Amino acid sequence: MTARRLVDLVPHAVLILGVLIFAFPIYMTLIGSTWDAATIARGNMPLTPGGEMANNYAHAWNESRGERAVFTPVRIMMLNSVVMALTIAVGKIVISILSAFAIAFFRFPGRMVFFWMIFITLMLPVEVRIIPTYKVVADLGLIDSYAGLTIPLIASATATLLFRQFFLTIPDELVEAAKMDGAGPMRFFLDVLLPLSRTNIAALFVILFIYGWNQYLWPLLITTSREMQTVVVGIVAMIGNGESATDWNLIMATTMLAMLPPVAVVVLMQRWFVKGLVDSEK
Amino acid sequence: MQRRVVFENKWLPYLLLAPQVAITLVFFHWPAAQAIEQSMLLQDAFGLRQTFVWFENFEVVLSDPNYLGTMRVTAIFSAAVTVLSMALALLFAVLANAHIVGRGTYKTLLIWPYAVAPAVAAVLWLFIFNPEIGVLGRALNNIGLRWDYRLNDAQALFMVVAASAWKQVSYNFIFFLAGLQAIPRSLLEAAAIDGAGPVRRFWTVTFPLLSPTTFFLLVVNVVYAFFETFGVIHALTRGGPGKATETLIYRVYLDGVINNDMGSSSAQSVLLMLVVVALTAIQFRFIERKVHYA
């Protein structure tokens, strides 16, 4: 019987090990954010928390100068990241649900042309067309602006396809009933379609918020002033080339703060998140 | 493709489509067309004049031994990231899917790394494996391993692979778990009654039934390794030491942004577009086939 018990414990042991391996880097970052720069730089940081936590976070949040380097205050970078992530998430959802509504509920000349025009964008991630897109944004004078940071990333075939897929499952009777009640297309959209799409919207929001928050190459190119820097780009900029002295305590505090919003969204909205991920990739 | 009952309106559908079509045209089709045009132009040293050179930029790129080296690095890197992150994810998903206590807790504790940006994942690993200040970096040096990923090619590659895979496991885990939960219990029970042990049940029943998920993830992970890991490489190694961790997308960035060689960078972009189109086409063919026997 005890041998059987031991076998039952193996899955738990492996999973716990996995969880620990995944959590270890975060733990070290958390510890790093509670010591002073000198202790970390000496290379003998203990594995238990130090006493500088409040100082480090307040410093990183407000100040633009560490002991050793200059950087953008985290509150500014976080604001930029929030604006970017929210604009991309909301923007993608709004334009996608409108175009999916047009494609699914109307019959008009050029419908399939438009569908394919949107569909083909599915194939090319922004990184592939990064340089020419940068050029277009530069020609439009949108460098170093929120518009340049967000609008080029808003076009999304994924969200459009997801909404279209869902709209095709809505029973014809519902549309007929609405028509019989004298509802026009926009009334139907607002009073019937939007409420029915709530789950899909929530699921997409989680995915797109994280997508926007975690962008790297695009903001790296588009933002040129410190005031426009996003937090993910900012952390790497704080590390620099690793040659010069580094405020590791502040970098670790910034890293913890930068992970907080997206991780919170995933953990708190776990159900929507898993649904959104699995649905949008189908 | 189309609903039976639709609304009648001459101009409303165009109005509804306008925002997405406008953004797509300006920031997608236009730059993509420019990339193709630019890839066939050669700029003089002062950037004043451009000549149309057909496929010369492609010839230059593809006959450059450095580019072939970058392709090799990308292949090794992508294969390592894909295999490592998928194998770990499958292991965790199979274990978490078994009838064990705390399945929900394990799930929550394993999916959150999805939310961590690739560049941030790189910073986490850098802090641990830095040879001077990192806990494990110092430990490796103390036992005499001469650990410094900034100088050693293999160690640099290990770092970018580890950070990239660490972040991607949670994504694969979610899909494998969803795939496992869709497998009918009765099939596994039947196999158990026939006397198949857990390992045999996995390889003869579970694994084949998971193949649509596995194949889908294969494509997604290769795309991830090709493009989204730019942040990892930029934060950790900047493609170095030498060109040991320079992937194709990093090279596009170097040539286009740092070296300002638009022709070459655009030719490389077009080559990458072809890769993605090929991968997507493979995936669609497969999904169609999946529908057949589903």
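The values are calculated or read from the model by the stated rules, or taken from the named source; none is laboratory data. Model, not experiment: these values are computed from the prediction. Ideal geometry is used to build each Cβ from the backbone, glycine not excepted, and the neighbour counts take in all protein chains shown.
Some observations on this one:
- Answer residue from segment A:151-164, given it is closer than 14 Å to B:ALA22 by Cβ, part of a helix (DSSP H, G or I) and touching a Phe, Trp or Tyr at 6+ places or on another chain (Cβ under 7 Å) and is farthest from the other protein chains (Cβ to nearest Cβ) among those: A:ILE151
- If you go through segment A:248-278 and keep only what is more than 14 Å from the chain's Cα centre (by Cα), more than 9 Å from chain B (Cβ to nearest Cβ), closer than 25 Å to B:LEU180 by Cβ and crowded, with 18+ Cβ neighbours inside 10 Å, you end up with A:TRP272, A:LYS275.
- Looking only at segment A:150-177, residues that are surrounded by 19 or more Cβ atoms within 10 Å (Cβ to Cβ) and in contact with a Ser or Thr (Cβ under 7 Å, 6 or more places away or on another chain) come to 9 in all.
- Every test in (1) crowded, with 19+ Cβ neighbours inside 10 Å; (2) in contact with a Phe, Trp or Tyr (Cβ under 9 Å, 6 or more places away or on another chain) is passed by A:LEU47 save one, and that test is (1).
- Filter result for A:ASP279 (among the acidic types (Asp, Glu), modelled with pLDDT under 85 and part of a helix (DSSP H, G or I)): yes
- The lone exception for B:PHE127 - which of (1) farther than 18 Å from A:VAL231 by Cβ; (2) more than 21 Å from the chain's Cα centre (by Cα); (3) buried (at least 21 other Cβ atoms within 10 Å of the Cβ); (4) within 9 Å of another protein chain (Cβ to nearest Cβ) it fails: (1)
- Scope segment A:84-121; condition within 29 Å of A:MET228 (Cβ to Cβ) and either in contact with an Asp or Glu (Cβ under 6 Å, 6 or more places away or on another chain) or surrounded by fewer than 16 Cβ atoms within 10 Å (Cβ to Cβ) (or both); matching residues: A:VAL94
- Residue match in segment A:188-195 (condition: within 10 Å of chain B (Cβ to nearest Cβ), touching a helix residue (DSSP H, G or I) at 6+ places or on another chain (Cβ under 8 Å) and of a type outside the set (Lys, Arg)): yes
- Segment B:125-138: number of residues that are modelled with pLDDT under 85 and among the aliphatic types (A, V, I, L, M): 2
- Test result for B:GLY256, under 19 Å from B:ASN66 (Cα atoms) and facing another protein chain (nearest Cβ under 10 Å): yes
- Entirely in segment A:165-260, the helices (runs of 4 or more DSSP H) that have 1 or more residues that are of a type in the set (Ser, Thr, Tyr): A:198-213
- Residue list for segment A:18-40, filter: crowded, with 19+ Cβ neighbours inside 10 Å, assigned to a helix (DSSP H, G or I) and not polar (S, T, N, Q): A:GLY18, A:PHE22, A:PRO25, A:MET28, A:ILE31, A:GLY32, A:ALA37, A:ILE40
- Sole exception among (1) touching a residue at least 60 places away in the same chain (Cβ under 8 Å); (2) surrounded by fewer than 22 Cβ atoms within 10 Å (Cβ to Cβ) for B:ALA278, by number: (1)
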